[in-house]
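Data block below; observations after.
What follows is calculated from the coordinates using simple rules that are stated; it is not laboratory data. Keep in mind that what you see is a predicted model, and the values were worked out from it rather than measured. Positions of Cβ are generated from backbone atoms using ideal geometry, with glycine treated the same way; all protein chains shown enter the neighbour counts.
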Amino acid sequence: MKSITSESCSVHFNEFAFVALNDHLENASYSKVFILVDENTHEHCLPKFMPAIEQDYDFEIIEIESGEENKNISTCTRVWEVLSELNADRKSILINLGGGVITDLGGFVASTYKRGIDFINVPTTLLAMVDASVGGKTGVDLGSLKNQVGVINQPEMVLVVSDFLNTLDERQLQSGFAEMLKHGLIQDRSYWNTLKNGVDAKEIDQLIHHSVTIKNKVVLQDPTEQGLRKILNYGHTLGHAIESYFLESLEHESLLHGEAIAIGMVLEGWLSMQLQGLPEEDLIDIKNTFGKRYPTVSFSKKDIDTIISLLRFDKKNSHGNINFVLLNQIGDPALDVQIEEKLLHGAFAYYSE
Ligand code: GLY
């Protein structure tokens, strides 16, 4: 499968991934190689990863606890301290082997340790393969607020090895699939049509490659999210607020990122019909597609009010306005749409119908 290369970062797939990694390690002559894992990737992914490395490097494994609740500055402090205790210098590299928590947090730790050391992302979840690990966004949550602290900094490379997907359960796979559906909604109607009725496992490599191609094209045009890159946040304005709310709530089970943004995409689809003229048949298509794949959540009035109040922390906000990405139609996004609060209640009413 062809690598996707650009000036800032390259993504290598499957058998080419390890060739690229070994070439890089040979040429870059790092003083030390650190590998960041959680307890799951330590057990299931590290044994697949280590034998693929040919160089005789001095490796150190750093393990953090899995889960979004650990994606915070205390975990970063622990990793910075371990790096320091193990004498990581500026010629060290951090390889992030894991899902979005590991690649986001590890990227941030590497970008700030001694003002920045190299890092490589090796995503092990579908979500991280098609979204989190690509594009250089790094960071951690602030309390329950998603990704409030971070920097944009590109990894040396991203290695997508689909064999790691065999370590995941169905719920995790569906969570990543939501980001792939989003790529269809914002850029490519025929991709949406391909994905929406389900795909065969044999096709997954090709589809991941297509999703990374879409994301990479957007990121290349607008790496620091001044404009176009915001389209990657379709479904995320409400989706992140829902995810944050469920993370903190004692009454609800937490939602996976993809489950939360699936709801966000239905809600923002309804807003798109009201404000951007998204055709009703497109909205029904969106609602049915997500409805078939993801659990339907019931929201009380208190839930909705709290979720709406969390929107003021969204990173796309400017000058006190909440800016949404909506759709004119499937494949055609609209940026920076401001929305009155009472319309948001209408979106939740539609979702719950
Ligand atoms: N996850 C959205 C972005 O990378 O811009």
Condition test on K48, is it of a type in the set (K, R), surrounded by fewer than 22 Cβ atoms within 10 Å (Cβ to Cβ), in contact (Cβ under 8 Å) with a residue 40 or more places away in the chain and part of a loop (DSSP other than H, G, I, E, B)?
no
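Report yes if E243 is closer than 26 Å to L343 by Cβ, of a type in the set (D, E, K, R) and away from the ligand (no atom under 15 Å from the Cβ), otherwise no.
On the way: closer than 26 Å to L343 by Cβ: yes; of a type in the set (D, E, K, R): yes; away from the ligand (no atom under 15 Å from the Cβ): no.
Judged against the criteria, E243 is not a match.
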Any chance you could count how many residues in segment 72-119 are part of a helix (DSSP H, G or I), among the hydroxyl-bearing types (S, T, Y) and over 14 Å from K137 (Cα atoms)?
5
Pull out all pairs, ordered by first then second residue, where Cβ-Cβ is under 6 Å, the residues are six or more apart or on different chains, the first lies in segment 210-233 and is more than 18 Å from N328 (Cα to Cα) and within 12 Å of the ligand (Cβ to nearest atom), and the second is β-branched (V, I, T) and part of a helix (DSSP H, G or I).
S211/V130
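Matching residues to (1) touching a strand residue (DSSP E or B) at 6+ places or on another chain (Cβ under 7 Å); (2) surrounded by fewer than 17 Cβ atoms within 10 Å (Cβ to Cβ); (3) among the hydrophobic types (A, V, I, L, M, F, W, C); (4) closer than 27 Å to S162 by Cα:
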| position | (1), (2), (3), (4) |
| --- | --- |
| I73 | yes, yes, yes, no |
| E81 | no, yes, no, no |
| K91 | no, yes, no, no |
| G107 | yes, no, no, yes |
| A110 | yes, no, yes, yes |
| Y113 | no, no, no, no |
Residue count for segment 1-33, restricted to those that are under 21 Å from V219 (Cβ atoms) and in a helix (DSSP H, G or I)
4
Checking D23 against (1) out of contact with any helix residue (DSSP H, G or I) (no Cβ under 7 Å at 6 or more places or on another chain); (2) crowded, with 21+ Cβ neighbours inside 10 Å, which single condition isn't satisfied?
(2)
Answer residue from segment 246-256, given it is in a loop (DSSP other than H, G, I, E, B) and either more than 14 Å from the chain's Cα centre (by Cα) or within 10 Å of the ligand (Cβ to nearest atom) (or both) and is surrounded by the most Cβ atoms within 10 Å (Cβ to Cβ) among those:
L255
Give the number of residues within segment 132-152 that are among the hydrophobic types (A, V, I, L, M, F, W, C) and more than 14 Å from the ligand (Cβ to nearest atom).
4
May I ask you to list the residues in segment 109-144 that are among the hydrophobic types (A, V, I, L, M, F, W, C), closer than 28 Å to I307 by Cα and over 15 Å from the mean Cα position of the chain (by Cα)?
L142
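Report, by residue number, each residue of segment 278-306 that is part of a helix (DSSP H, G or I), of a type in the set (S, T, N, Q) and under 14 Å from A262 (Cβ atoms). Explain how you work it out, then say what you get.
The first filter runs over segment 278-306 and keeps only residues part of a helix (DSSP H, G or I), leaving 280-293, 301-306.
If we keep only those that are of a type in the set (S, T, N, Q) as well, we get 288-289, 306.
Listed by number, the residues that qualify are N288, T289.
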It is to be established whether one or more residues within segment 20-42 are touching a residue at least 12 places away in the same chain (Cβ under 8 Å), touching a Lys or Arg at 6+ places or on another chain (Cβ under 8 Å) and of a type in the set (G, A, S).
yes
Those residues of segment 171-209 which are of a type in the set (K, R) and within 16 Å of the ligand (Cβ to nearest atom) amount to K182
Would you confirm whether any residue within segment 236-254 is under 23 Å from N321 (Cβ atoms), of a type in the set (S, T, Y) and in contact with a Pro (Cβ under 9 Å, 6 or more places away or on another chain)?
no
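Quick one: which residue in E63, E69 is in a strand (DSSP E or B) and in contact with a strand residue (DSSP E or B) (Cβ under 9 Å, 6 or more places away or on another chain)?
On the way: E69 fails: in a strand (DSSP E or B).
Answer to the check: E63.
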